[in-house]
Amino acid sequence: MKIMIDPGHSGACEPGACAEGVTEADVVVAIAEKLSLLLLAAGHSVMMTRSGDCPLTGLKWRALLANCWRADLFISIHANSYSEPTAHGSEVYYFPGSRYGLTLARLIQAEMVGRLGTTDRGFKHAMYTVLEDTTCPAVLVETAFLSNPDERKLLTAPDSQQIFAEAIAEAVAR
């Protein structure tokens, strides 16, 4: 299968959520790189929208890249944030009406919650650009809350990043 991995945001020009000197852009690229290795080892073809800081902003180019490559799956990885540091948990979004997107979202959510013990915030449909503009099944994974001190530790620890990657890879395999 051809799988496009999209580490959300773009580094210095668009870091995403930030907390205590940690940026979402850095955390999700670390998880994405680990996921890429797992999917390659499983025999999939993998392309990442970025592997470090990227000068491009906006979202349409991410979906266009997946469409031009004719990806079979699109997985966008993010870390959530909220003004209240007590907000916590994992959630996965899919495009409304996408049967395969829903299935993948449900499987990723179950794997993350089961493996990491994060609170189950569910799988939900949304009209996000990267979900709407891709021609293949697509999901947007909100791994955990960067704004929550305990979950920030999960997101920045290489062992936990590996477990997030393994959860997503297992869901793809299933």
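Residues in the range 148-168 that are open to solvent by 20 Å² or more (accessible area, probe 1.4 Å) and either touching an Asp or Glu at 6+ places or on another chain (Cβ under 6 Å) or not polar (S, T, N, Q) (or both): P149, D150, R152, K153, L154, A157, P158, D159, I163, E166. Where helices (runs of 4 or more DSSP H) sit wholly within the range 71-174, those with at least 1 residues that are farther than 21 Å from W61 by Cα occupy 99-116, 149-156, 158-173. The number of residues in the range 88-102 being buried (at least 16 other Cβ atoms within 10 Å of the Cβ) and touching a residue at least 24 places away in the same chain (Cβ under 8 Å) comes to 10. When you look at N148, is it in contact (Cβ under 8 Å) with a residue 40 or more places away in the chain and in contact with a Phe, Trp or Tyr (Cβ under 6 Å, 6 or more places away or on another chain), yes or no? No: the conditions fail for N148.
The values are calculated or read from the model by the stated rules, or taken from the named source; none is laboratory data. All values derive from a computational prediction rather than experimental measurement. Here Cβ is always computed from backbone atoms with ideal geometry, including for glycine, and neighbour counts include all displayed protein chains. Accessible surface areas use protein heavy atoms only, side chains included; no ligands, DNA or RNA. Shrake-Rupley method; radii C 1.70, N 1.55, O 1.52, S 1.80 Å.
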